[in-house]
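Below you'll find the structure, written out as structure tokens, and then a few comments.
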Amino acid sequence: MPGPGGVFCGVEEVVRLFEGRPVDLWGLPEGTVFRAKTSAGVRVPVMTIEGAYTEYCLQETPALGFMCHSSGVATMAARTKIAAGERTVLSFGIRRMHPSISPMIDRSSFIGGCDSVSSLLGAEVIGEEPSGTMPHALIIMFEDQRLAFKAFDEVIDPKVARVALVDTYSDEKAEALMACEEIKDLFAIRLDTPGSRRGSLPDLVREVRWEMDLRGFQKVKIFVSGGLDDRSIPDLAAAGAEGFGVGTSISNAPTIDFALDIVEKNGRPVAKRGKFSGRKHPCRCPVCLTFEVSTRADRLPLCPCCGGEMELAEVQLLDQGRRKFQAEEPRLIRSRVLEQLARLKL
């Protein structure tokens, strides 16, 4: 997304971290698309904790890790989904990261806008079915593309969409036509051609699309994977690609560098150099989604963009360690993200 800010993610993990401790916690709802600063240059707080410092100081580092990493992944997923528009985006990045964090990566990717995830555990965490394609290894084991396509279609559960890899041994358009001929209800072919051999990938997509259309396979979609990001997707979409498997650019996304700062002590405003002291309440315009902050929850500013009344953007998450809200399903959070992205016209 253009400009500083992103998709706020990792809230549920932070809540669980502080749950049961005698602290109060407020924060933006998970899946909020936020801006880092207001029009006046004041940083927008995404989360506020109140309580004795000794009750939360040891949790500062893990709390920041939950939010910074998850929000970075979710933000890059949102950028990718914006670039793809209505086309399918699959999260393929877990094989590039330590497996212990794959559930977080897939959950954050899905919340940020990816349509599906590739790992079994990640899919279980978000309550969705995993998505993927046949591997190159299948074709190599059969040593014959047509036999591999036929076996895949015969053995795999009929509920699984048939997506065939078409760049193992032969020219991509030749293998695409083989797959179309061997798999009756072929949903899509997938181009995963290494960058060292592909030349212009958009031109390759156009060529394969032409050859399939010419032979009556107009309904078979083209999926693309391999080193994709939000910058390369628009040209591929214009060429005819209808689905994108995006890996490293999402899973290895830059973190959102949140920091935990003390801004009030015993009701008295305090802050280190370079920070604005005092409790700040984030508020947002319900019309244009502009962010501002107020020093009082009962006195909110007017929106600097449209002049409308703003609303408190934060909700109380914990009251003396007791949960104040029910954990939301990832699909609901994702829907909220997509609705905000559409309204912001990013």
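Where a number appears in this text, it was derived from the coordinates with a stated rule and is not lab data. Given the structure is predicted, the values throughout are model-derived calculations rather than measurements. In this analysis, Cβ positions are derived from the backbone assuming ideal geometry, glycine residues included, and neighbour counts consider all displayed protein chains.
A few comments on the model shown:
- Between 0 and 90 degrees, the angle of helix 201-214 with respect to the longest Cα principal axis of the chain falls at about 50 degrees.
- A crude spin-label estimate for the pair Phe142 and Ala40, with each label 7 Å from Cα along the Cβ direction, gives 6.6 nm.
- Most mobile of Gln316, Gln326, Gln59 in a GNM of the chain (Cα contacts under 10 Å): Gln326
- Nearest 10 degrees, 0 to 90: helix 330-344 Cα axis against the chain principal axis: 80 degrees
- For the range 94-181, the alpha carbon convex hull comes to 123 Å³ per residue, rounded to a whole number.
- Using a simple spin-label model with pseudo-atoms 7 Å out from Cα toward Cβ, Leu344 and Arg323 lie 2.8 nm apart.
- Between 0 and 90 degrees, the angle of helix 172-182 with respect to the longest Cα principal axis of the chain falls at about 80 degrees.
- Nearest-0.05 FRET efficiency for Arg215 and Glu154, computed from C-beta distance (R0 22 Å): 0.45
- The stretch between Cys305 and Ser100, if pulled fully straight at 0.36 nm per residue, gains 69.4 nm over its current Cα-Cα span.
- The computed volume of the Cα convex hull per residue in Å³ for the structure shown corresponds, within (1) 142; (2) 235; (3) 151, to (3).
- Here the range 265-286 is scanned for amide nitrogen atoms under 17 Å from the site 7 Å beyond the Cα of Asp257 along Cα-to-Cβ, giving 273-276.
- Largest to smallest principal axis extent of the C-alpha atoms in the range 159-219, angstrom: 34, 24, 17
- Over 22 Å (Cα to Cα) - which of Lys81/Lys280; Lys37/Lys272; Lys81/Lys184; Lys81/Lys173; Lys265/Lys324; Lys173/Lys219 fall in this group: Lys81/Lys280; Lys81/Lys184; Lys81/Lys173; Lys265/Lys324
- Distance from the C-alpha centroid of the range 148-214 to that of the range 34-93: 37 Å, rounded to the whole angstrom.
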